[in-house]
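Worksheet: the structure to be examined is printed underneath.
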Amino acid sequence: MRKILWAMALLAAFAGNASAEQPNVQIYGLIDLGLTHFTGLATGSSAAGSPTGSSTGLSSGAQSGSRLGIKGHEDLGNGVQVLFVAETGFCAAGLSQDQKVGVAGNPGGSSCSGGAFMQRQAFVGVHGRFGTLSAGRMYTPMFHNEAAMDPFGYGLNGDINNLSIVGKQSGGLLIRANQSLTYTSPTLSGLSGTLSFSFAPTAGGTVPAAVAKDSRVPRSWTAEGRYASGPLTAGLAYLELRNSTLGLASNGVDSGGIKVWQAFGAYDFGVARLRALYEKASGDYAFGTTTGVAGGGQRFWMLGVSVPVGPGEILASYDVATIDPNGVFTKQVGTARQYALGYTYALSKSTNLYASYGHIGNDARTSFANQSNADAFAGVDGQSSSGMAVGIRKLF
């Protein structure tokens, strides 16, 4: 942690000097602290009949993971800009709070959210009338869609991350893309598209080792089309992960492919905004197999609503995760359901209070549990899990 503090001090000094020369460079961030309470948590095994426990504490990032970053852009003329972002998480409530183990492609790290130092985001890009081309570690298009459709904004207890394929079911693998190239087209009559390619989707951002000519190296690509005009937003996204050994036993083949489909939509009636999202995952190989057992039947859907009330907003959602035998991301089998209710109150443009509650009901062979942005827990098969949070978030 001391090394991170020194690095942030150097970053602040650099940003101060850069700001004097380039007014388009700035430091930004947020600090979020919330009192949280979770029940129905596994204290050891997640097998049916195992004991459950609870957790109460002050969490760094109950609504949004606490973070600090530097961003900016340079005008090159003719409407062309070079832009960049470098962002890190930090633990506002304690040095060792982060319990997110994560997976190789999206490590939990030691900075309470997003992985190690400057691993929330780190990319550079070029923007103009032709669209935007970016390179680095970035959020995936599918994550952006989940966060936009979720009334809880991918935060607060009861958010979409507790059950979704992009979040919980894939272990966070599909939230960020390492070594990625992403192109987003300009918007024409409300229509736009995004293409993204990752050279290391299942590695922690490292360059793949030297391999023989015919060796299979994991790669992933995503294509998305969306329409956004007036009160309506709708779109489709498709992701394919090739040559993956994700979830396979040590002698499993690496020629498997995983496919994820996503459909989403929202409509703003003024008095309320309705949101919906559907996801499905399938693959050439099922989780944990060593031969060609097809994986599939892993689905998730969410219905949500947000209702503005004065300076505040009421949030509600209902989520369902259904996993048939031979899922591609998990060995859990069955259906888990979540309902959630929350409220945010704006004290100013940059400060808000929040309160939320979420409840998950598990089938006999599912063990999902409530969590926050900085705390990850496992549940017990067949046992329900609940969580609540009350806190404050300050943007700067």
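Any read-out appearing in this document is the output of simple, stated calculations on the displayed coordinates, not a laboratory observation. What you see is a predicted model, and the numbers here were worked out from it, not measured in a lab. Quick reminder, even Gly has a Cβ in these numbers, built from the backbone with ideal geometry, and neighbours come from all protein chains shown.
List of remarks:
- Relative exposure of Cys91, Cys112, judged by other C-beta atoms within 10 Å (fewest first): Cys91, Cys112
- Once the Cα-Cα distance is subtracted from the 0.36 nm per residue extended length, the Phe269 to Val293 segment shows a gain of 4.1 nm.
- Candidates per trypsin sites (Lys or Arg not before Pro) in segment 118-152, loop by DSSP, up to 13 other Cβ within 10 Å: Arg129
- Note on Val328, Val85: ascending count of other Cβ atoms within 10 Å places them as Val85, Val328, the fewest first.
- Counted charge near Ser220, where neighbours are those whose Cβ lies closer than 9 Å (Asp, Glu -1; Lys, Arg +1): +1
- Ascending count of other beta-carbon atoms within 10 Å, so fewest first, for Tyr345, Tyr354: Tyr345, Tyr354
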